[in-house]
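The values are calculated or read from the model by the stated rules, or taken from the named source; none is laboratory data. Keep in mind that this is a model prediction, so the values were computed, not measured. Glycine gets a Cβ as well: all are built from the backbone with ideal geometry, and neighbour counts include every protein chain shown.
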Amino acid sequence: MKVTTETLEDSQVALNIEAEAGELSKAMDDAYRRLVNKVSVPGFRRGKAPRLILEQHIGKGALLEEALEELIPRLYSEAIDLQKIEPIEQPQIEIVQTEPVIFKAVVPVKPTVALGDYHNLKLESEPVEVTEEEVDAAIEFKRQEHAVFTPVERPVQFGDLITLNVEANIGEKPFLNHKDIVYEVNKDSPVPLPGFAENLTGMKKNEGKDFTLIIPADYRIKEFVGKECFFKVAVSEIKEKQLPELDDEFAQTCGYDNLTSMRERLSADLKVKAEQLGKQRLKERVIDAVVEGSQVHYPPVLEDKEIDRLIEREARRLGFTKVSDYLSATNLAEEKLRETLRPAVKKQIARLLVLDEVGKIEKIEINESEVDNQISEMVKSEEGDAEKMRQLLQLPQVKESIQQTLRRDKAVDWLVKVATSGN
């Protein structure tokens, strides 16, 4: 066997492999012996048909294909052992010729990461400030939570809670058909379509109305985009939203001593949330800065596998068992969807590889007790069968994944400490 190697971009190695003379002939003999016991040939008992007769029955191409399916993987395995190459995924195989057998294998190998001078990285935390407007908004949110709705005898206005029947069709296809649904009429609401709420304003109790809306460009079912949707609605009840007075009594209803105490505690809560958000944004900035200063190379198959995982996860979330069914139902072109997801996937892979390299260089370790504590926290948050969840999390590959995640988290914390030291 002759083997030559070529180092390609993005952590890939090309192997050009040529079989020894006679390798194909032997593989064809072996293929015949396998197939003659599987294929029924008229006039012969199974396993007794001569090779020439078998070839005539199934075609020489089928026999060759069977031979190559055994020969190429074996030669590839021998070649990577000979060249001391450690693949991280299956290769891409291209058969150049069959007599003699020559093929090319593009082999994905371990990514490479050359970190920049991250030890001298300097970033400042964002100042945390809670404005009076933010406190006002938090109080208003609580007022909305404590709102009550009372029946009124007037036309529908924004903010009302109404009961109505809705029938809608796109051409001959039913779009909605609900009776006695309760709907809050909020301005610019996209539910069920933009403009629906606006068409309800001014309607009176027991009044019906027909109107048409255009399906927007961002609607999830793409085959409907741009089409007319015909609505037939009838209002049976109108209720007006009444907000509580902004006073000490309202504050006490919400669990505070008085209105002043309410503002102070809400301001403190908002500051804690702002600090948490600021810390997270700082982590993101630090990671991005380290990635920007590094050289990261990895095989494209890592992107493709992650994109596959994301699409499969979304399909399952929406109740589809097959990705093809999900793509058909949502009218999504697979290649366009993949390219839409690719930039974020590229960014995420680079981030994870950089954090892994930082962890390796800085000798960041995660001990068994840290993994066990994380598993316990995950089990606590499980709403279903906690014991089943614990057993799943104890699987070696799952524990290894948890350990890797914790190591990356520690690497981020370490980088933040370095970047903010002296601030």
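A few notes on this one:
- Against the test of being surrounded by fewer than 17 Cβ atoms within 10 Å (Cβ to Cβ) and either in contact with a Cys (Cβ under 7 Å, 6 or more places away or on another chain) or more than 20 Å from Asn16 (Cβ to Cβ) (or both), the options Glu129, Glu94, Glu78, Glu99 yield a single qualifying residue, Glu129.
- Verdict on Arg338 being under 30 Å from Val106 (Cα atoms), basic (Lys, Arg) and under 20 Å from the mean Cα position of the chain (by Cα): yes
Residues checked against (1) assigned to a helix (DSSP H, G or I); (2) among the basic types (Lys, Arg); (3) in contact (Cβ under 8 Å) with a residue 60 or more places away in the chain:
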residue: Val301; (1), (2), (3): yes, no, yes
residue: Glu306; (1), (2), (3): yes, no, no
residue: Arg313; (1), (2), (3): yes, yes, no
residue: Gly319; (1), (2), (3): no, no, no
residue: Ser324; (1), (2), (3): yes, no, no
residue: Ser328; (1), (2), (3): yes, no, no
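- Here the condition is being in the same structural domain as Val233 (by TED's automatic domain parsing), over 26 Å from Gln144 (Cα atoms) and assigned to a strand (DSSP E or B); of Thr163, Thr212, it holds for Thr212 alone.
- Among the residues of region 268-293, those identified as over 18 Å from Glu126 (Cβ atoms) and either in contact with an Asp or Glu (Cβ under 6 Å, 6 or more places away or on another chain) or surrounded by fewer than 18 Cβ atoms within 10 Å (Cβ to Cβ) (or both) are Ala268, Asp269, Glu292, Gly293.
- Taking strands (runs of 3 or more DSSP E) as the structural unit, those lying wholly within region 50-158 and holding at least 2 residues that are in contact with a helix residue (DSSP H, G or I) (Cβ under 6 Å, 6 or more places away or on another chain) correspond to 101-108.
- Among the candidates Val235, Val272, residue that is at negative phi, hydrophobic (A, V, I, L, M, F, W, C) and not assigned by TED's automatic domain parsing to the domain that holds Val182: Val272
- A search for C-beta distances below 6 Å between a residue of region 137-161 that is β-branched (Val, Ile, Thr) and any residue that is exposed (fewer than 15 other Cβ atoms within 10 Å of the Cβ) and outside any strand (DSSP E or B), counting only pairs 6+ apart in sequence or on different chains, returns Val156/Thr201.
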